[in-house]
Amino acid sequence: MAEAAASSPPLLVVEGVTKHFSGVTALSDVSLEVWPGEILGLLGENGAGKSTLLKILSGVMPPSSGRIVFDGADYAPSSPQDAKRHGIVTIYQELSLIPTLAVAENIFIGRAPLGPLGLVSWRKMEDASRAIIARVGLAIDPSTPVSSLSVAEQQLVEIARALSLKSRLIIMDEPTSALTETEVQKLMSIMDRLRQDGVAIMFVTHRLEEASAICDRMTVLRDGRLAGHLDRDGQPIKIPKIIEKMVGRAASELYARPTQRDVAGAVRLSVRGLRTVRDPLAPHAIVLEGVDLDLKAGEILGVAGLVGSGRTELARAIFGADRIAAGTIALDGQPIAPASPADAIKLGIGLVPEDRKHQAIFAALGILNNFSIASLGRYSNGAGFMAERREREALAGYRKALSIRMASPEQAIEGLSGGNQQKVILARWLARDPKVLIVDEPTRGVDVGAKAEVHQILVQLAARGIAIMMISSELPEVLAVSDRIVTMRRGRITGEMPGVEATEEKLMELMALDRKQEATQ
Amino acid sequence: MTSTTEQTGRSGINVARLLMSFGPLMFLAVLIIIFTVLKPSFIDPINLFNILRQISITGLIALGMTFVILTAGIDLSVGSLLAFCGMVAAVVAKGGAANTLSLSTSGTQGYGWFAALLAAVIVGALAGGMQGFAITRLKVPPFVVTLGGLTVFRGLTLTISNGGPISGFDASMRWFGTGLIGPVPVPAIIFAVAAILCHIVLRYTRYGRAVYAVGGNAEAARLSGLRVDRILISVYVIVGFFAGLAAFVLSARLNSSEAVAGIGYELTVISAVVIGGTSLFGGIGSVGGTVVGAALIGVLQNGLQFNNVSSYTQSIVIGLILILAVAFDRWLKSRVRR
Amino acid sequence: MTSTTEQTGRSGINVARLLMSFGPLMFLAVLIIIFTVLKPSFIDPINLFNILRQISITGLIALGMTFVILTAGIDLSVGSLLAFCGMVAAVVAKGGAANTLSLSTSGTQGYGWFAALLAAVIVGALAGGMQGFAITRLKVPPFVVTLGGLTVFRGLTLTISNGGPISGFDASMRWFGTGLIGPVPVPAIIFAVAAILCHIVLRYTRYGRAVYAVGGNAEAARLSGLRVDRILISVYVIVGFFAGLAAFVLSARLNSSEAVAGIGYELTVISAVVIGGTSLFGGIGSVGGTVVGAALIGVLQNGLQFNNVSSYTQSIVIGLILILAVAFDRWLKSRVRR
Amino acid sequence: ADKLTILGSVPNLGFPFFVHMLNEIKAEAQAQGVNLTESDGQNSAPKQTADIEAALVQKVNAIVISPLDVNALAPAIEEAVKAGVPVVTIDRRVDGVEGILAHVGADNVKGGEAEAQAMVAAFPNGAKLFHLQGQPGAGPAIDRNKGVHNVLDPLKDKYQIIFEQTANFARAEALSVTEAGLAANGKPDAIICANDDMALGALEACAARNFNDVKIYGFDALPEALVAVRDGKLAGTVEQFPGQQSRTAVQIAVAFARDKTEPKEKLVLLTPIVIGKDNLDKAERLNETK
Ligand SMILES: Nc1ncnc2c1ncn2[C@@H]1O[C@H](COP(=O)(O)OP(=O)(O)OP(=O)(O)O)[C@@H](O)[C@H]1O
Ligand SMILES: Nc1ncnc2c1ncn2[C@@H]1O[C@H](COP(=O)(O)OP(=O)(O)OP(=O)(O)O)[C@@H](O)[C@H]1O
Ligand SMILES: [Mg+2]
Ligand SMILES: [Mg+2]
């Protein structure tokens, strides 16, 4: 594909683009080209500058220096709208939907179809929307407000919207980070169709399998600089080659599968007949039905499932964040009934939530405050004064142990890369020394290197006797670290197997167990 | 995944939508019934038209405020701006005589009602636009800008009027405040027409939808290609326009423009909007709700006065009912979702 | 990348931090210099102490408001609550004589200043707690609850005082408003001590950390095990406490508790907090900023009066400077970030 | 010698009554050849107190003040007296301060009484009344209300107040409150209002219902009200001679500041009168009407 296109002029040329932020150089002298009808992968570690480059291309911010040529003419978009006018459409890393508005309105934002008298025709808009979201396999009512969709559904709506715009270049910044296998496959086939229609695509992902499968060429960034280009020579680009370019050294086993440990620990957490009711404030959340689960000390239990299978709800129910309608939970054999996260935490349960930005991070606060917020009691004296020395020492310890890259404990956490933010959140819970740690999508949006580090941390924690429940939408990750795996579907547990025996195929089958019955409904 | 969300999505939301507007409406109905039982003459057409006329002033501003609050903004300056626009209208209506505290009842030297109306709404819109400019360009939060505006416009009003009122307009101007069309007071008709127009704009135009989008998530709206700054400025222009229109009607009704007009209106107006279900965080709300909210406040005030309740008790009751009305609305919504 | 962020991170952030507090402070310094140049007697210690005494009332409330705004809340009821607490203090200070609009200067029948102080702060804290309860349990937004409170407390004040003031306290009580320690007015000392305490609480205690966290991200705070509702209620208790304390000092200073006291204070107080750099969206701000904000407003008012600027012009200037001060702060921060 | 400077302070320049008062102070100060520092209490006792404190720092030679509140301004005025600055109060006194040079005023309670008596005179056989009160808690509102009730409470049988509400001294509120009152109670014989603005608002409400024979009484004798009295729309308004009060006060203050001339009387009380159609010429501000 790329070779065929090479004869025609490139659609987009980026020449020596540099971008500074208050002293940080996010991009330094980056050049690349994109041809019509190709998919260019843009890869690199967290903070390598991928999003920054894409934001420059889509008119969100101007470059500090450098030149961009689009379709043979100088291109310096003044706003996202301007970029759109040129035929450049972007799916941003941070979702850019309006939560209070309906799906249909989000799709037609700023260009609602008009009826007689020049007034917005809601009927036309909803009909058209239904067709558009059907392309990505969504069958939700277009009048549903976006705020009541799950993250994955929102991501699909955003993709659908981008596809409905007439475009010559589509920029996708981690469109798959919230998706599971099925949706990813669907997106891939859509991308392939677009490619055949001559549309150019720039694609960012941290899931290298995906990148390798679909990209024609790859441009790799490292520390804001161009690390090199990779070409598909008739066959998919090899993952180790990508990693080598990304991290600048030969790829060792990043997905080190732990030697299967025989976890013979006592049952730490035991869940029986757990059922939840529909939460009035989240009517679309999944309702759990008769969930039984055992979690042993020192074990990593992987929880796999498709989007919306109820994994997050299970975690939140155990953690006391949502109300439970029926069922029992026992910790070390003692029945518990946490009515709030505060209760659960006192009992020794920790939760690293799936939505880092909204549920875990205090963006404007410093790293130190973010770190100690769940253990203020531990780092304060009887009179309620913070023991800052002890607090700092503890953070310093975790900084080393988890190799958190940060400037100072006072630095605002929003200045850290995603992977490092995630490590701070992990440290937050480690500081409490929990008996049970639930991690929900612990590596969403985290680069390969950091991902491996997080995996290693989880394995070490388990080795110290902590019971870990890991929810993840990435099957390779589940397979890599779990001692045991359960699968969920529609609020129920559908299967269980030891980590050694599990394969992607087997898990997929259990995750989709009643798919056929459902189709006939 | 898809099928489960689909079902709950449809039914849940639509019932919720319906009852969302019913919350305050039910409350309003209950109030009217109570007052009627206490004193049946409460629902005499005369009194109901009185109420309509009374709410039309703050109601007009509340229409504009709905736009502002939908963008997650706020405008505290409306009361002062009303006084300012009223004074401008008076100066124009009375011509050169204005500065000398003229008391002649016929404003023959003036420029007439149309010029006065025009002046009021233009000045209001310009003043609003300036505030919008400070909000978007100087990046000062709306609360601060319009708090400054509250003080500035009051000072300007006192300066141009030298503290006194300007009174005595001609009959054609006074008609806008005191006239009737059939049995219906003109201010009420102006309010109704304006409310319908605002409803259409917010619900059925691209601009209206953009206002909701900006309030729902300004950053996402910008990334989706909306001109967020322009939209933000425009809503302050709109509320300024309505402050000007309300000022004109009020002056016409009182036959006088006073420097102390509109003190505290910002709170009444914001109450009307919020009771009507518009979220102070933006993105959610409707003109219909605002009308109901304004009516609720008007009925409450009138009803209490009607029963000659002491003004001290009135304050207490109105404050409590404001809280209760919103609490009831919240409770209803959470029930519906269940 | 890491090495660059590390360096700039450190220096960048610290310079930013420093200048963040300097923005309003620089503005304040410039104002003082201008006023001194215009009229050198402006910096007479007497005048400076006057200013300190003047800002201490709204300043005290602004300290409490800082807690509230740090949680992304707001309290519009403080002015009315001040009047209410002042009236309660007066009733207690004067004992049975209170209800009869007594004007005698010796309140011999009363329960003394200590009981009055206690009553004022307890009533303030309780009233604040009730509002906090409505906010967290009835899920009514702070703006609405405290807007209702604004009306309710005023009504209650008028009811217990029957409209009139209660005046004439004994010398020991009056000392808190008019006394001096060395050359320093007692209210200024109370304000300073309270400010230091608040600074310590917010900066060095786990409770203070929790307040910032709740304001920064309430959902994350809940999932981190903080009792968000309790913390929210507590900040309204604190602001209520300070309204009570301010009421006591004001009554002592004026030797009178008035039913119309504190009208419009909510806006002055919120201005002080916001000028001081506390974000209305919560999570960002400091007591030091609030003190500077309060001082800025006090200096401005005093300085303009000092130069015999007409009161109408005063309004205009104060409004504009309020906006400019915040705009300057924003601009400075954006420069530093660059 | 340097020109003398005096402080002229009024409670609230948002109201025309006090604007007039300050204007008269200004005019007299000019006539006397002294500098004037102006102060607007902005309806806040702490603000007026602060203005006095600022003036003391600037060493003004005398203070002419209409205090917002009889009690709340006492400490500040006491401070002035202690500092040796002569103080003359206008219109309202301060309570419990020794050493005030003089007071020039017309009592609001007396004014309220006069207003009610005028109504009684117009309806010797009794009447049904509306009463519109001023801003709750404000000094003049309290005093005027007291005056009205002083007269009418003993005559409860003949004169019934069937509707009594505050309209906060504001015209717009008076209009809506009166509308509600008319709808609830029908036409009254008379409406007594605590200021002219409210009287003019009540007038609009009655005119809209064609109740043109309701006798409406105002307070303050503002030019606009005088015109309405002249045209027979208002029955009367209370004149307290604020201009005369102000000028007299300035004269007393300046005389003392110049050469320690003690005033002839420490207490100059002008009796408030009700201005009706027949005694319009007694109104201080008649010349401002056309
Ligand atoms: N608005 C900003 N202000 C300051 N620094 C920024 C800003 N945006 C990005 N940066 C910095 O620029 C660098 C590149 O960030 P960018 O978001 O482009 O990384 P990325 O490659 O997209 O990473 P990820 O894979 O985590 O999304 C990082 O060091 C980041 O901290
Ligand atoms: N209507 C809703 N309102 C609010 N939050 C919702 C709603 N629907 C889903 N969520 C939340 O969105 C998140 C993601 O939901 P999702 O659909 O991914 O299901 P899930 O059961 O968490 O499965 P998975 O873990 O596979 O994502 C969860 O935290 C869920 O509680
Ligand atoms: Mg990125
Ligand atoms: Mg999930």
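The values are calculated or read from the model by the stated rules, or taken from the named source; none is laboratory data. Remember, it's a predicted structure, so these values are computed and weren't measured experimentally. Heads up, the Cβs are rebuilt from the backbone with ideal geometry, glycines too, and the neighbour counts pull from every protein chain shown.
Would you be able to tell me the number of residues in segment D:207-226 that are touching a Leu at 6+ places or on another chain (Cβ under 8 Å) and buried (at least 22 other Cβ atoms within 10 Å of the Cβ)? Please lay out each step first, then the result.
Initially, segment D:207-226 is screened for residues touching a Leu at 6+ places or on another chain (Cβ under 8 Å), giving D:209, D:211, D:216-218, D:223-226.
Adding the requirement that they be buried (at least 22 other Cβ atoms within 10 Å of the Cβ) leaves D:216-218, D:223-226.
Count: 7.
Taking the options B:154, B:137, name whichever one is in contact with a helix residue (DSSP H, G or I) (Cβ under 9 Å, 6 or more places away or on another chain), within 14 Å of chain C (Cβ to nearest Cβ), crowded, with 22+ Cβ neighbours inside 10 Å and over 25 Å from residue B:293 (Cα atoms).
B:154
In summary, helices (runs of 4 or more DSSP H) completely within segment A:110-215 and bearing 2 or more residues that are under 20 Å from the mean Cα position of the chain (by Cα) and closer than 24 Å to residue B:284 by Cβ occur at A:151-164.
Quick grid of which residues meet (1) among the small types (Gly, Ala, Ser); (2) closer than 30 Å to residue A:147 by Cα:
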position: A:13; (1), (2): no, no
position: A:18; (1), (2): no, no
position: A:22; (1), (2): yes, no
position: A:33; (1), (2): no, no
position: A:47; (1), (2): yes, yes
position: A:82; (1), (2): no, yes
position: A:89; (1), (2): no, yes
position: A:104; (1), (2): yes, yes
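Residue A:407 satisfies every condition listed in (1) touching a residue at least 12 places away in the same chain (Cβ under 8 Å); (2) away from ligand 4 (no atom under 16 Å from the Cβ); (3) in contact with a helix residue (DSSP H, G or I) (Cβ under 8 Å, 6 or more places away or on another chain) except (1). Against the numbered list (1) surrounded by 23 or more Cβ atoms within 10 Å (Cβ to Cβ); (2) within 11 Å of ligand 1 (Cβ to nearest atom), residue A:54 comes up short only at (1). Of all residues in segment A:289-333, which are assigned to a loop (DSSP other than H, G, I, E, B), more than 9 Å from ligand 2 (Cβ to nearest atom) and either small (Gly, Ala, Ser) or buried (at least 23 other Cβ atoms within 10 Å of the Cβ) (or both)? Those that are assigned to a loop (DSSP other than H, G, I, E, B), more than 9 Å from ligand 2 (Cβ to nearest atom) and either small (Gly, Ala, Ser) or buried (at least 23 other Cβ atoms within 10 Å of the Cβ) (or both): A:290, A:297, A:298, A:299, A:319, A:320, A:321, A:325, A:333.
Could you tell me whether residue A:432 is within 14 Å of chain C (Cβ to nearest Cβ), within 23 Å of the chain's Cα centre (by Cα) and touching a residue at least 12 places away in the same chain (Cβ under 8 Å)? Please lay out each step first, then the result.
Working: within 14 Å of chain C (Cβ to nearest Cβ): yes; within 23 Å of the chain's Cα centre (by Cα): no; touching a residue at least 12 places away in the same chain (Cβ under 8 Å): yes.
No, not satisfied.
Mind checking which residues of segment C:269-314 are of a type in the set (A, V, I, L, M, F, W, C) and not in a helix (DSSP H, G or I)? Answer for segment C:269-314, where residues must be of a type in the set (A, V, I, L, M, F, W, C) and not in a helix (DSSP H, G or I): C:280, C:281, C:284, C:309. Away from ligand 4 (no atom under 16 Å from the Cβ), crowded, with 22+ Cβ neighbours inside 10 Å and touching a residue at least 40 places away in the same chain (Cβ under 8 Å): which single residue out of A:413, A:471 fits that description? When all the criteria are applied, what remains is A:413.
So for segment A:77-99 (the condition being facing chain B (nearest Cβ under 9 Å), crowded, with 21+ Cβ neighbours inside 10 Å and within 16 Å of ligand 2 (Cβ to nearest atom)), does at least one residue qualify? There is at least one residue in segment A:77-99 that is facing chain B (nearest Cβ under 9 Å), crowded, with 21+ Cβ neighbours inside 10 Å and within 16 Å of ligand 2 (Cβ to nearest atom).
Per the listing A:403, A:340, the residue uniquely of a type in the set (Gly, Ala, Ser) and more than 30 Å from residue A:417 (Cβ to Cβ) is A:340.
Quick grid of which residues meet (1) at pLDDT 95 or above; (2) within 25 Å of residue A:115 (Cα to Cα):
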{"residue": "B:170", "(1), (2)": "no, no"}
{"residue": "B:183", "(1), (2)": "no, no"}
{"residue": "B:212", "(1), (2)": "yes, yes"}
{"residue": "B:224", "(1), (2)": "no, yes"}
{"residue": "B:231", "(1), (2)": "yes, yes"}
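If a residue has to be surrounded by 21 or more Cβ atoms within 10 Å (Cβ to Cβ) and more than 7 Å from every other protein chain (Cβ to nearest Cβ) to count, how many in segment B:39-51 make the cut? Outline the logic, then answer.
Restricting attention to segment B:39-51, the residues satisfying the condition of being surrounded by 21 or more Cβ atoms within 10 Å (Cβ to Cβ) are B:42, B:47, B:50-51.
Among the residues that remain, those that are also more than 7 Å from every other protein chain (Cβ to nearest Cβ) are: B:42, B:51.
Residues meeting the conditions: 2.
Scan segment D:187-223 for residues that are facing chain B (nearest Cβ under 9 Å), over 17 Å from residue B:258 (Cα atoms) and part of a loop (DSSP other than H, G, I, E, B) and the total you get is 1. Within segment B:202-218, the set of residues being surrounded by fewer than 18 Cβ atoms within 10 Å (Cβ to Cβ) and more than 7 Å from chain A (Cβ to nearest Cβ) comprises B:203, B:207.
Out of C:49, C:67, C:114, C:84, report the one residue that is in contact with a Phe, Trp or Tyr (Cβ under 7 Å, 6 or more places away or on another chain) and at pLDDT 85 or above. So that I can check it myself, show each step before the final result.
Values: C:49 fails: in contact with a Phe, Trp or Tyr (Cβ under 7 Å, 6 or more places away or on another chain); C:67 fails: in contact with a Phe, Trp or Tyr (Cβ under 7 Å, 6 or more places away or on another chain); C:114 fails: in contact with a Phe, Trp or Tyr (Cβ under 7 Å, 6 or more places away or on another chain).
Every option except C:84 fails the conditions.
Within the bounds of segment A:453-467, is there any residue that is more than 14 Å from chain B (Cβ to nearest Cβ), charged (D, E, K, R), part of a helix (DSSP H, G or I) and within 16 Å of ligand 3 (Cβ to nearest atom)? Checked against the condition, which is being more than 14 Å from chain B (Cβ to nearest Cβ), charged (D, E, K, R), part of a helix (DSSP H, G or I) and within 16 Å of ligand 3 (Cβ to nearest atom), segment A:453-467 yields no hits at all.
If you check A:344, A:427, A:450, which single one turns out to be within 16 Å of ligand 3 (Cβ to nearest atom), outside any loop (DSSP other than H, G, I, E, B) and surrounded by 16 or more Cβ atoms within 10 Å (Cβ to Cβ)? Break it down into steps so the answer makes sense when it comes.
Details: A:344 fails: within 16 Å of ligand 3 (Cβ to nearest atom); A:427 fails: within 16 Å of ligand 3 (Cβ to nearest atom).
Every option except A:450 fails the conditions.
In summary, residue A:143 fulfils each of the numbered conditions (1) more than 16 Å from ligand 4 (Cβ to nearest atom); (2) in contact with an Asp or Glu (Cβ under 8 Å, 6 or more places away or on another chain); (3) within 14 Å of chain B (Cβ to nearest Cβ); (4) more than 24 Å from residue A:112 (Cα to Cα) with the single exception of condition (4).
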